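Notes for the one structure printed next.
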Amino acid sequence: LPSTAPSADKALITDGSGNLSFDGYTAKAWVNFNGDGTLAIRDSGNISSVTDRGTGIYTVNINTAFANANYAVVCMTGGETGSSQNVGASIENVNSSLPTTSAIPIVVRIRNTSSDVNSAFVSIACFS
């Protein structure tokens with residue numbers, strides 16, 4: 001239970017563990033990982049693993065599946081090896097792999113060349 005009940009004038013609250021919440025909504029799953037070299041999860045919540053599927057291509061595996069695949073995902077990236085260009089992370093249909101209730105395909109790509117690239121910092125948060 002939240003430590004402070006949501007109200008019309010209070011949108012930001014904390015739960016019993018001190019996690020921030022917006023009107024009671026928190027990320028259902030999140031992860032911060034190093035996708036460059038040996039893939040390593042730095043920290044996560046409701047994520048069982050991250051799979052390296054090739055240069056700049058990852059699958060984030062959800063521990064407790066969502067009710068449906070219509071969730072929202074926020075992606076961030078940085079620290080790409082050998083790139084000082086504009087790089088972004090996104091959810092894409094990679095090799096016929098769409099988001100499911102238990103897995104999210106992520107691609108890190110240099111925006112002006114459309115080249116996939118490994119990233120030392122990849123973070124995602126999922127809201128359902």
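Observations on the model:
- Distance in nm between pseudo-label sites at A120 and T55 (7 Å out along the Cβ direction from Cα): 1.9 nm
- In Hz, Karplus ³J(HN,Hα) per residue of the range 55-63 (6.51, -1.76, 1.60; θ = phi - 60°; x = Gly, Pro): 4, x, 10, 9, 10, 9, 9, 8, 5
- A cut-off of 5 Å between modelled amide H atoms, ignoring neighbours fewer than 5 places along the same chain, links R53 with Y58, T59.
- Packing, taken as the mean count of other beta carbons within 10 Å per residue, orders the peptides 111-119, 35-43 from highest to lowest as 111-119, 35-43.
- Theoretical gain in end-to-end length, A72 to R42 [0.36 nm per residue, Cα-Cα removed]: 8.6 nm
Rule-based calculations on the coordinates, nothing more; no lab input. Just so it is clear, the model here is predicted, and its values are computed rather than measured. All Cβ positions, glycine included, derive from the backbone under ideal geometry; neighbour counts span all protein chains shown.
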